[in-house]
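First the structure, in the form of structure tokens, and then the observations on it.
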Amino acid sequence: MAEVSKGIAEKWGLVVDQDRCTGCNACVVACSMENNVPFTGEDNVAFGRGTYWIYNKRMWEGAYPEVAPAFQPVMCQQCGSAPCEPVCPTFAAVHSEEEQINLQIYNRCIGTRYCANNCPYHARQFNFQDPDIPEPMNSYLNPDVTIRRRGVMEKCTFCVQRIVAGRQTASAEDRPLRDGEVTPACVAACPSGALVFGDLSDPSSRVSQMAQNERQYKLMDELGTRPKVTYLKGGGRNGG
Amino acid sequence: MSDKITRRNFLKIAGAGAAISAVLTGCGPMSRYIVRRPYTEMPEYNQTGLNTYYASTCRECAAGCGIIVRTKEGRAITIEGNPQHPLNRGRLCARGITAQQGLYNPDRVFGPIFQARGDTGRQARTSWDEAIPLVSEALKSPAGQIAFLLGTAPDHLYDLVTEWTRSIGAPAPLRYSALASFEGRSTLQEAANRTFGKPALPYFDLANAEVVFSFGANFLETWLSPVSYSAAYGDMRQARPTRRGYLVAFEARQSLTAGNADEWIPIKPGSEGLVALALARLVAEARGEATPAAARSIDPATVAETAGIEPAKLTELARLFAASEHSLAIPGGSAIGQHEGLAIAQAILQLNVQVNNLGLPGGVFLTNSEQPTTSLTEVKSLVQKMNDSQVKVLFIHAANPVFELPKVLGFEEALAKVPLVISFATFPDETAMLSDYILPDHSPLESFGYQRMLAAADRPVYSSIQPVVAPLYDTRATADVLLAAAAAAGSPLPYTDEVDFVQQMIVPLISAGGFYTAPEIQTFWSRWLQYGGWWVTEQGLDAEIAAGSSRPATFSGPAALEEDKQFYLVVFPTQLGDGAGANRPWLQEMPDPMTTLTWNTWVEVNPETADKLGIHDDDVVRVTTPYGALEASVYRYPAIRPDTIAIPFGQGHTALGRWAEGRGANPAALLPAAVNEAGDLAFGDVIASIALTGKRRPLARVENREGVYGEH
């Protein structure tokens, strides 16, 4: 819903530089390993039930021989005015006041999937099954992130556990959070440095600076969702 | 550093170390010196509720990226790049990120096994007490009849085995990986040798280049060192405020790199050398220089026609290349893994000589790294020796030749003629299943070691490997097994164990001018583990490259095809690497970047060709080459020449655990055993035919699902 403003400083945002992005999908895997996103197997992926909190939208442009893919990594846009939130009958899709992001309260979710229907970004993923992770592979599961059961909707959280951990470290050391101190898993992995994360409320942060770039645009901005993810158009054939 | 360190100075140094990296620890779960402490004093690596981070090196491919593994309560949780490592600077690819799925894979080998070549009736668990005398007996065989086949990682085991074989006069260990074959590493090194007079892998300074011509080099996905080249690619695009690098890719099938290029020029496979020579001629014309000797007899218009592109395009590109101050030409795997691959690689490297970029920013440098594989020629002679019953004992570590080598090479049949095959595999892969014994090594995250042959390092680097968790099973470090067995066999090496060996190997680094030093090895060792290796602070590669003269070359050009019956075949590696990644479920589930396909093998066919042949998406076709055949579903791929088909490598396992087995097809069945002049597999100019089988099997794709719902 509408952004709550109580003088809270944080406003996390992400910039995706499509000119740097190669479409290698390292972000997809890094996210899955950090957030305990289950692998679902061949049949489920074929049925469209694969779970990817971040996915690379690959669109073919042009015709042979001038054909090329345009890659666009899409994750939850953490809308300031999120279409998923008002439709949830159990208030499982909520807006966090502190981080200004969209969160999913898994134990409220009853699996109506209204939120996914209403999300224009395909960012919400539904658990059609319980995760099947045989022992001892469950050993690598991240203890900071809940494991979701069947019938529960899940989505990108900007790695909120890392934001919280960063904030706690800073507060223990009695200092403000430094720019670049918190990196979600996708940003940390990105081999070509296409993803930049930070606090948009700080005009001097790298992410704020980059979001002012003349190549910037927001995904489906016309819907009035006020996304916190900013894309920078690719150069050359990707529309620079 | 002086021998006397005052207490004040010591605190300063210790404080500085803590400030640089407060979380990385130098001692870990495999510390050799065990001290009993009360339970209330928890060890550093096991503070309940707190993360402990270890720096190590990724062993999923030969690149050698530095990693930081986050552990909690003795479990490896997440893996990220090591921000201080000069190769990957904190970045990591999908393969490195999923390494825990190898460590915690339920299908690992749990302890030493008498495998009996797959004879289930005789199989039995054995113990290390029995295994070591067995290895020891094997090492007593006549020196000429012992063979070692190792993988591209880790380097320390290779160094140890090399030292041992040298000491008793046995043949040097061979190293093989299908990935290295597809990368054309031997060819690249030999081409550098002939062009620049030094047998080293060249380093291409992509980040500072302005116009880059890639000939089949898929450096964003698998080639040489994808993480470091991806970072350089990002910088080439956007790190300079006023200049954006321009990438042109010449290859028949659009790889991820070509997909990201500004221009993709789909030339016929086999025409790369001709195109390079034609460009050489046109570049010389544009720069007003004399035509290089090799290109004098070349007519660019004819070449363009042969390669299947517009002559005007070739001229335009040559002008672009000639006009830029920072032009770079990169010879990659599919271009140089051909019969004439060595000459092709030389012709492409020669373009760099022509624009004088040697040793300059945005140009070509020579690394200090040797390349970590032996050529396929040597593997072939090993197979020949095995067939002639000249090999009595074969040791295999971190390689899966039964899966990776072209089937026509007959490795599996030759293996049957070796009286004793001992595998050190951590997984029951195809080769291990056909061995007499499996004596499992620790998984990479449980091991000590180092990687020193880093193909894309811009400075001298040794990257350290250390255990991040205590070994889960009854496995044992192969280096320890060999050292103990060699001692018992009466040919000991002067090392007590693996750690002692690694320590002695890095002693010269103490005074080699790295970014840290120490008065003695134990202190040096703890920093070596803490930082994840040793390197020098300043970037520095040999800028003194002597350009050799261009050798006149003649290329036979692409083979003629029978239209719509015969096709050029491109076999390309994916995120599964040499196939060892197929048992990592997240690598299987990760969509292939270009097709978004998962969990299977597919055949890429241009939609135009598919329409002519009446092939629809997901139709199963039979692909036949003179060497073999396979069946797989078709993916109509718009970015491939209509006269070319392509198949990814890595699937088609008959072993290797639940996620890998019985999935897809192995294109090793389609490949020849032929090699080029440098001894690399000539896989780039194979001709295949396809035929419909009448079967249909939908592929699991992440893109638009039209055609899949309701038809499954």
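Structure data summary
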quantity	calculated
Förster radius 51 Å - calculated FRET efficiency between residue B:537 and residue B:143, Cβ distance, rounded to 0.05	0.70
Shielding score for B:592-599, defined as the mean number of other chain Cβ atoms within 10 Å	6
Per-residue ³J(HN,Hα) for segment B:209-222, Karplus 6.51 cos²θ - 1.76 cosθ + 1.60, θ = phi - 60°, Hz, x for Gly and Pro	8, 9, 10, 10, 9, 9, 9, x, 9, 8, 6, 8, 10, 9
Extension gain from residue B:654 to residue B:316, taking 0.36 nm per residue of separation minus the Cα-Cα distance	116.8 nm
Residue B:370-residue B:491 FRET efficiency (beta carbon distance; Förster radius 22 Å; 0.05 resolution)	0.30
Residue order, fewest to most beta carbons within 10 Å, for A:222, B:325, B:340	A:222, B:325, B:340
Computed [θ] at 222 nm, helices only, for chain B once each DSSP H run of length n ≥ 4 contributes -39500 (n - 2.57)	-8000 deg cm²/dmol
Rounded tilt (10° steps) of B:155-168 against the dominant C-alpha axis of chain B	80 degrees
Peptide-level mean, for B:79-92, of C-beta atoms on other protein chains within 10 Å	3
Length released on extending from residue A:216 to residue A:149, taking residue separation times 0.36 nm less the Cα-Cα span	20.4 nm
Residue A:181 versus residue B:289: modelled label distance in nm, points set 7 Å from Cα along the beta carbon direction	5.3 nm
HN-Hα J in Hz across segment B:449-455 - Karplus 6.51, -1.76, 1.60, θ = phi - 60°, x for Gly and Pro	x, 7, 10, 10, 9, 9, 5
Semi-axis lengths (Å, descending) of the ellipsoid that matches the C-alpha gyration tensor of chain B	41, 32, 25
10 Å Cβ neighbours from other chains, averaged over peptide A:31-39	5
Potential lengthening between residue B:554 and residue B:629 on full extension [0.36 nm per residue; Cα-Cα distance subtracted]	23.8 nm
Two-site label geometry, residue A:206 and residue B:296: point separation in nm, points 7 Å out along Cα→Cβ	5.4 nm
Inter-label distance, nm, simple model (7 Å from Cα along the C-beta direction), residue B:305/residue B:608	1.9 nm
Pairs from A:57/A:228; A:11/A:233; B:385/B:407; B:385/B:565; A:228/B:72; B:380/B:565 whose Cα-Cα separation, in the structure shown, is over 28 Å	B:385/B:565; A:228/B:72; B:380/B:565
Computed FRET value (nearest 0.05) for residue B:697 with residue B:116, which takes r as the C-beta separation and R₀ as 22 Å	0.05
B:367, B:478 arranged by Cβ crowding within 10 Å, fewest neighbours leading	B:367, B:478
Per-residue Cβ neighbour rank within 10 angstrom, fewest leading, B:633, B:423	B:633, B:423
Cα-based helix-to-principal-axis angle, B:341-354 vs chain B, degrees rounded to 10	80 degrees
Peptides A:209-218, B:53-62, A:112-121, B:172-181 ordered by average Cβ neighbours within 10 Å, highest first	B:53-62, B:172-181, A:112-121, A:209-218
Degrees, to the nearest 10: B:521-531 long Cα axis against longest axis of chain B	50 degrees
Largest to smallest principal axis extent of the C-alpha atoms in segment B:286-405, angstrom	62, 35, 25
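Here, each number is a calculation from the coordinates, and none is a lab measurement. Quick caveat: nothing in here was measured; it's all calculated off a predicted structure. Methodologically, a virtual Cβ is constructed for each residue, glycine included, from the backbone with ideal geometry; neighbour enumeration extends over all protein chains shown.
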